[in-house]
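Below: the structure, in structure tokens.
The values are calculated or read from the model by the stated rules, or taken from the named source; none is laboratory data. None of the values given here were measured: they were computed from a predicted structure. Methodologically, a virtual Cβ is constructed for each residue, glycine included, from the backbone with ideal geometry; neighbour enumeration extends over all protein chains shown. Only protein heavy atoms, including side chains, enter the accessible area calculation; ligands, DNA and RNA are left aside. Shrake-Rupley method; radii C 1.70, N 1.55, O 1.52, S 1.80 Å.
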Amino acid sequence: MKNRKLLMIPGPIEFTPEVMRAMGMPTTSHVAPDFVECMGQALERTREVFLCPGGQPFIVAGSGTMAMDMAACNIIEPGDNVLVVNTGYFSDRFGAILERYGARVTHVKSAIGDVPSLDEIEAELRKADYKGLAVTHVDTSTAVCADIEGLAGLCRKYGILSIVDGVCSVAGEELRQEEWGVDIVLTACQKAIGVPPGLALLVASPKAIETFKNRRTPVGSYYSDWANWLPIMESYEDRKAAYFGTQAVNLVWALNISLEQILAEGMDKRFARHRLMSDAFKAAMTAIGLKQVPVNADKAANTLTAPYFPEGVNGSVLPLIKDAGAILAGGLLAEIREKYFRVGHMGAVSAADILATVGAIESGFAKAGYKFDHGVKH
Ligand code: PMP
């Protein structure tokens, strides 16, 4: 009997067999000609997946937090004002990182499950001389999705930089970096990018690079300093070996395969598939009587769902759901941590995965004593 459970948390996710095979390939030197070609291709494909043909991609070993750190330390100088559009746990984290590099951070918060409106953000932008705005596209703690197109438009109107934490969105949620005029988009590889954890990905607009080049003060992080990484990225794209820090060779092999698979599907089709999977899963949760953290459907992400436990059920149902075949995540946002759970459905997720997950949830909830309508009656 197959004993594998579906990993349906909001990252890491289920990876394709081709990606997993690349992880097991013999490791080459990080300056070997075939790795140089692979890294060069991965950089070019990153630009395409971020829909940012004029951007500068960075691929560096590290997690998503490292990508946030890289964005903050290269752009921020002590005393800069930054506005954080705060939708939950990861927006708090972004604020803390920005402060670590000397930014004066103002948070615009909303109620749990909601997003501050564009009017609220604009009112705040009028009050002070901001250098930039940081926003979590999909806050993995609330499953809330921010309006990046609208926010980036506001940033352009006020001539400030837009920085998007796309860790739970890039390659799943619609995000058109260049068309929408976003200056920095960052992510990690373990979510919709579809690669085991360990790579930070970031694409910077020409304006972001110019801001970095015009700094008056040195970058406060040695490892993340673009002065160290920019020549390396440019060199690999020119198909020339370069060294600053050893590349995560097998992860980059795997990344290059995954990016190829993503582009073979096509970005528009991929966004549409994520919407379809999400709609189907959310409809199933509603059908069994569960409410969700996002206050309304147009604010909900497509990469994950955050349902509240129904009356009489708590986190002890998650091991029952796991026994029935699907590993899910508990709550993360402190204020409601015990009251909800999270289900990731991104990357290579298929209709069969969604159905199996819904089945496992129904089975777990039934075992936990929750009474609900088991699907359509004929
Ligand atoms: N931002 C968001 C929106 C995330 O979901 C996560 C990880 N769950 C991070 C940042 C941090 O990424 P990592 O755990 O890879 O450091």
Helix axis angle, 118-127 relative to the chain longest principal axis, alpha carbon, degrees: 40
HN-Hα J in Hz across segment 264-272 - Karplus 6.51, -1.76, 1.60, θ = phi - 60°, x for Gly and Pro: 5, 5, x, 5, 5, 5, 5, 4, 5
Relative contact order (%) - the chain, alpha-carbon pairs under 8 angstrom, separation at least six: 25
For ASP238, solvent-accessible area (1.4 Å; no DNA, RNA or ligand), Å²: 100
Two-decimal Rg to Rh for segment 1-70 - Kirkwood Rh, Cα set: 1.03
At most 15 other Cβ within 10 Å, DSSP loop - trypsin sites (Lys or Arg not before Pro), segment 246-339: LYS291
Taking all pairs of distinct alpha-carbon atoms in segment 132-205, Kirkwood radius in angstrom: 12.3
Principal-axis tilt of helix 351-367 within the chain, Cα atoms, nearest 10 degrees: 50
For segment 71-205: relative contact order, % (alpha-carbon pairs under 8 angstrom, 6 or more apart): 20
Whole-number D in µm² s⁻¹ for segment 1-140, Kirkwood Cα-pair radius fed into Stokes-Einstein, 25 °C, 0.890 mPa s: 134
Table column - 3J(HN,Hα) (Hz), segment 39-47, Karplus curve with 6.51, -1.76, 1.60, x for Gly and Pro: 5, x, 5, 4, 5, 5, 6, 4, 4
Fraction of alpha-carbon pairs over 27 Å apart in segment 210-359 - percent: 48
In segment 273-378, the GluC sites (Glu not before Pro) that fall in loop regions by DSSP, at most 11 other Cβ within 10 Å: GLU311
Rounded if a/c under 1.5, otherwise prolate or oblate - segment 294-349, Cα gyration tensor axes: oblate
Solvent exposure ordering (accessible area, 1.4 Å, most first) of HIS30, HIS107, HIS345: HIS107, HIS30, HIS345
Amide hydrogen neighbours beyond the local backbone of ARG104, cut-off 5 Å, H modeled: GLY79, ASP80, ASN81, VAL82
Coarse-grained scattering of segment 17-265 at q = 0.10, 0.17 Å⁻¹, given as base-10 log I(q)/I(0) from a Debye sum over alpha-carbon atoms: -0.45, -1.25
Amide H partners (placed H, <5 Å) of PHE309, local residues excluded: TYR340, PHE341
3J(HN,Hα) from dihedral phi, segment 68-85, Karplus parametrisation 6.51/-1.76/1.60, rounded to Hz, x for glycine, proline: 5, 4, 5, 4, 5, 5, 7, 9, 8, 10, x, x, 5, 8, 10, 9, 10, 7
Computed FRET value (nearest 0.05) for LYS269 with ARG4, which takes r as the C-beta separation and R₀ as 45 Å: 0.95
D_trans [Stokes-Einstein, Kirkwood Rh over alpha-carbon pairs] for segment 316-374, 20 °C, 1.002 mPa s, µm² s⁻¹: 176
Fraction of antiparallel bridges per DSSP, the chain only, in percent to nearest 5: 50
